1. Considering only residues of the range K:52-69 that are part of a strand (DSSP E or B), more than 8 Å from the chain's Cα centre (by Cα) and within 14 Å of chain E (Cβ to nearest Cβ), which is farthest from residue E:25 (Cα to Cα)?
2. Restricting to the range B:2-34, give me the number of residues that are without any contact (Cβ under 8 Å) to a residue 12 or more places away in the chain and either in a loop (DSSP other than H, G, I, E, B) or closer than 22 Å to residue E:8 by Cα (or both).
3. What's the number of the condition residue J:59 fails, among (1) touching a helix residue (DSSP H, G or I) at 6+ places or on another chain (Cβ under 6 Å); (2) buried (at least 21 other Cβ atoms within 10 Å of the Cβ); (3) without any contact (Cβ under 8 Å) to a residue 40 or more places away in the chain?
4. Consider residue J:49 carefully, then state whether it is facing another protein chain (nearest Cβ under 7 Å) and either part of a strand (DSSP E or B) or in contact (Cβ under 8 Å) with a residue 12 or more places away in the chain (or both).
5. In the range E:13-69, how many are within 13 Å of residue B:4 (Cα to Cα) and out of contact with any strand residue (DSSP E or B) (no Cβ under 9 Å at 6 or more places or on another chain)?
6. Report yes if residue I:40 is buried (at least 21 other Cβ atoms within 10 Å of the Cβ), farther than 17 Å from residue A:39 by Cβ and within 13 Å of the chain's Cα centre (by Cα), otherwise no.
7. Within the range D:10-36, count every residue that is crowded, with 20+ Cβ neighbours inside 10 Å, facing chain B (nearest Cβ under 9 Å) and under 12 Å from residue H:67 (Cα atoms).
8. Scan the range C:37-46 residue by residue and report those that are facing another protein chain (nearest Cβ under 7 Å) and over 19 Å from residue B:31 (Cβ atoms).
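Please treat every number below as a calculation from the coordinates, not as lab data. Computed from a prediction, not measured in an experiment: that's the story for all the values here. Backbone-built Cβ (ideal geometry, glycine too); neighbour counts: all protein chains shown.
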């Protein structure tokens, strides 16, 4: 039945590699405890700088997952 | 005593009937597990289209509920 | 002559029935004291929850009305 | 194949009945010339007032539709 | 290892004393059940008025905390 | 009866002491002529600088008050 | 004494000549009934089109004026 | 009959003369191929600088036009 | 002559590979039917999740292209 | 070589004449000390009112200029 | 002469004491090297949490100062 | 001592390779003249299109760096 209800949460992933990889890490970590994740939206892209170089990319995603009926 | 603390969560309800009904569905589902809900705010109104007609209204609400002391 | 000037005010209506009805109530109340209302824009949709159900829809509208020359 | 591309357009529908009906009218009119419409998002809710009553609801929706490959 | 993942939640604290104290109360309450809180951001400052005086300051904070690996 | 209608106005208070005190001053002044004020929301925090020091805090609040039926 | 309180209102002026002239008209009309106006901020610039040409510029300004103590 | 449907498009006009003239140019160009244009809203004002002087004003307008039934 | 006029459209591209690749796909598809594209701006970054992994990156770009005189 | 880097600064110009002239003044003053200015974007339009008339237009522009390699 | 030009910069101050004190610290530090500071606007209020308590308030202010002619 | 003060600046980097590389280029260029850079936030992602392909990614970052005491 299609009248599903979703909960949306906000997760910040980090990565030394790339902005996309920070998103991948955020979703992989969330998948450990949350089922039925359906979509994500990037809501913030930041990072830490150390000695004039990017130390970490930090990307915040809103994730929607379906609640069990 | 009145110095309460509230948590705010974000839920997306859907409905084949109307935008208001999608809000009603979101709050009814949340009420199954959350007590002391106090207010809601609509933060997004979207929907799915199928064959040129609205298949589902999808309305996202932020809901505030009082935390137990 | 068409170089009219408008004042814009913000009113919040409430209703136990629907979000649209809260708008209708806001405009009906404003019409008691304001003439020449021309347009409205919905700028916020909230509500109160009581016992896990919507007690009131509360919709805030910006209303523009023409000032007499 | 799933790497589809979508175009998003903005349509304003109007209705004397309700805000939801203005959305229905916008999508029905768009469906006359556009195929493969997939989703909509409400991006503005306004209306005209006449003699202290709502004359028209005017709701603006962004509509996404799939482009043929 | 530095590729941490954070969850961000939203809490509203209230206080009869000051806006800063409402933030302090929000974080103190959150600390009862959440570990590894790292930062906060104020996302809304409101309050209740009673008899022409401020009855409560109500400040909403987004709080980020580190998820266990 | 609970289907009240509210008007929202915007007031800027100033203070040489603190940002909170500027809010207190705004509401105290509004209370001289407005009854049934119910809530406020801070919508802007600015100030004047003189000789490298803060001369005034200037805080703008939106205030909602109930209209008589 | 410098702890003044200001009220901020929103006025839409129109002009067939230019966007600046619409602002001038809005302030001139407000000056008929409001004293101690101190500043304005442009918050919206729109207009009506007739027969493929601009019929009116419509500019909305927020105006701050000092309240008498 | 008044339940019209409008399409909204975004056009950027440029001018060496003034910001208003860039709007005029955008609408004049649109009028070559679009009928029933009804309103515009300025959504961005930019420009190019050359040798320390403004070379072009570039103003982006959203234009609404009525779709034929 | 430099007083060009541009039209801005919104396209959503998707990719299983990366967020940048979704932009590349959006622009490649647009290039099939649109000439004189000049710039793009990313206005939304979302994606679909399947089985706890990113199934598609979906990036929405606003694209500006020069209209023929 | 085209991989230039730009710095963006924010300047507020004022004028007793017009909003456009305030922009011209801002850029003319910036040109005294900054080279390679490339573009501007208007990010705020305000003004001072004196005796019910506009005393100054104050327009804030973000200006981008190319950094030397 | 009143056609001044201002530059606006963004400074983040921190304090262990209060949000207002973080603003005071930001302006005091800026005053060491900048003259003719005229106004500030708070554009972000954040902080660090350590062991469940606020370690630092971090408030970001935009500061406007007059450029010498 | 921890009551540091930071200045935030805005830099636009460009790259023919990727959006992340444009950020890397912006920070590398800033590092030539600025010390103690601590964090960045992406505030705009744009690009130039040439012959239907992306010629440059242009990413604007806000960078915070600690001021010497």
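1. K:58
2. 5
3. Evaluating residue J:59 over (1) touching a helix residue (DSSP H, G or I) at 6+ places or on another chain (Cβ under 6 Å); (2) buried (at least 21 other Cβ atoms within 10 Å of the Cβ); (3) without any contact (Cβ under 8 Å) to a residue 40 or more places away in the chain leaves (3) as the failure.
4. For residue J:49, the condition - facing another protein chain (nearest Cβ under 7 Å) and either part of a strand (DSSP E or B) or in contact (Cβ under 8 Å) with a residue 12 or more places away in the chain (or both) - is met.
5. Summing the residues that are within 13 Å of residue B:4 (Cα to Cα) and out of contact with any strand residue (DSSP E or B) (no Cβ under 9 Å at 6 or more places or on another chain) in the range E:13-69 gives 0.
6. Details: buried (at least 21 other Cβ atoms within 10 Å of the Cβ): yes; farther than 17 Å from residue A:39 by Cβ: yes; within 13 Å of the chain's Cα centre (by Cα): yes.
It is true that residue I:40 is buried (at least 21 other Cβ atoms within 10 Å of the Cβ), farther than 17 Å from residue A:39 by Cβ and within 13 Å of the chain's Cα centre (by Cα).
7. 1
8. Matches in the range C:37-46: C:37, C:38, C:39, C:40, C:41, C:42, C:45.
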